[in-house]
1. Distances from B:Asp10 to the same position in the other copies: list them in nm, one decimal, shortest first, using label points 7 Å from Cα along Cα→Cβ.
2. Can you tell me what percent of all Cα-Cα pairs in the stretch A:84-142 are more than 13 Å apart?
3. Running a GNM on chain B with Cα contacts under 10 Å, which residue among B:Ser176, B:Ser108, B:Ser55 ends up with the highest mean-square fluctuation?
4. Would you kindly state the longest site-free stretch of chain B, with sites defined as trypsin sites (Lys or Arg not before Pro) in a DSSP loop (not H, G, I, E, B) surrounded by at most 11 other Cβ atoms within 10 Å?
5. Could you state the orientation-averaged shadow area of the convex hull built on the Cα atoms of the stretch A:19-66, in nm² to one decimal?
6. For A:Asp91, go 7 angstrom from Cα along the Cα-to-Cβ vector, then report the distances to that same point in the other copies in nm, smallest first.
7. If you take the beta carbon distance between B:Glu199 and A:Thr80 as r and set R0 to 45 Å, what does 1/(1 + (r/R0)^6) give as a FRET efficiency, to the nearest 0.05?
8. Could you please report the charge total around B:Lys169, scoring K, R as +1 and D, E as -1 over all other residues with beta-carbon less than 15 angstrom from its beta-carbon?
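Coordinate-derived values only; no laboratory data. Keep in mind it's a predicted model, so treat the numbers as computed, not measured. Please note: Cβ atoms are built from the backbone with ideal geometry, for glycine as well, and neighbour counts cover all protein chains shown.
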There are 2 protein chains.
Amino acid sequence: MLKFTKTDIDKMHHLYRINLINSCSGFKSANLIGTKSEDGISNVAVFSSVTHLGSNPALLGFFLRPTTVIRNTYNNIKNTGVFTLNHIYKDIIVDAHHTSAKYDENISEFEMTNLQEHYKSEFYAPFVKDCPIQIAMRYVEEYDIKANNTILLIGKIEELYIKDGLLEKDGFINLSEGKVVSINGLDGYATPQLEARLEYQRPKSVE
Amino acid sequence: MLKFTKTDIDKMHHLYRINLINSCSGFKSANLIGTKSEDGISNVAVFSSVTHLGSNPALLGFFLRPTTVIRNTYNNIKNTGVFTLNHIYKDIIVDAHHTSAKYDENISEFEMTNLQEHYKSEFYAPFVKDCPIQIAMRYVEEYDIKANNTILLIGKIEELYIKDGLLEKDGFINLSEGKVVSINGLDGYATPQLEARLEYQRPKSVE
């Protein structure tokens, strides 16, 4: 196996390190976060750190990095209290990835891509039309991560929308059926194929 | 689309809710966390919340849930300061999933599965042999998440091991080549296929 020590990582070129460390944690979730400013300018941005925190209450969190100099997503959430999560699927990979470009706060990424904003249930933040999973989220709390000056932002699920045909009898959402993608590193998009669902595991008896 | 409101989610059967909410955030990382107690008893457990926090310093985090009544992983990390991350790959899905069974702290999951512990560079925590990515991690800090009584535990990368043939010229690790899997919900294991790597995105000119 190849080996990199802490010293190797500290010394490597920063672009090489960004690729390496971003791809070393495993496959990541691929979400578009939709927000709208108080002035009514919508925003949509790709995030790969959305993580399940718990089911009851239904909480999800994500990390905002200090390198995101223009933090429209964060500012909009703080000012309005709401955001949406929309799963990236195979057909929109190119447009979804383009939302990582740093646009000025006065420009909506919906205007600069083929992604279409739409609204449901009078929820203030925009959803991304046709995404197989769309979630209305409300801000709960945040934590300043001292180790690297990032923010963990936590929200609760207000409404959950699922494309027809993905939900199984026991509540499992078949993401592969929805062509939901996952992210490898900074810029790799992968389509997962469900191999198996395994049973709840109990300890084997010790002999 | 199917719609679930917050009230629907609050009222549903708890097993249905666990499946639904666990699968609604998108595909998750699939890692085995290896630890060893001060008494020398090794432990390995599946986690699906390992997330990239930043590249410089190289930090990864994961969430521990209060429902994990037997928190051997947490106790071992707190007592020894170290742990390993090992990516689950296609060949070990069944054994990896079995580590979710709640064994007593005196029993090593390495004894109850075909997963093989091994040691490198005098690092105290066990690695999982043959995993395509293996990472030696050192505890940095933790945050108590008030919203649901979970813990965010953050570690820094001490050593990173990558199976031959996965690392590309610019530092990108091709996880699909290593048969690394991702997790859908609580119990679904999927094999992602890399579709594309996309370029760094700059804003389009506004007309």
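1. List, nearest first: 5.1 nm.
2. Details: 1110 of 1711 pairs.
Value for the stretch A:84-142 (Cα pairs over 13 Å): 65 percent.
3. Highest fluctuation of the listed residues: B:Ser55.
4. Result for the longest clean stretch: B:1-145.
5. Working: hull surface 19.9 nm².
That works out to 5.0 nm², a quarter of the Cα hull's surface.
6. Label-point separations across copies, in nm and ascending: 3.9.
7. On the way: r = 32 Å, r/R0 = 0.71.
Efficiency for this residue pair is about 0.90.
8. My count for the surroundings of B:Lys169 gives -3.
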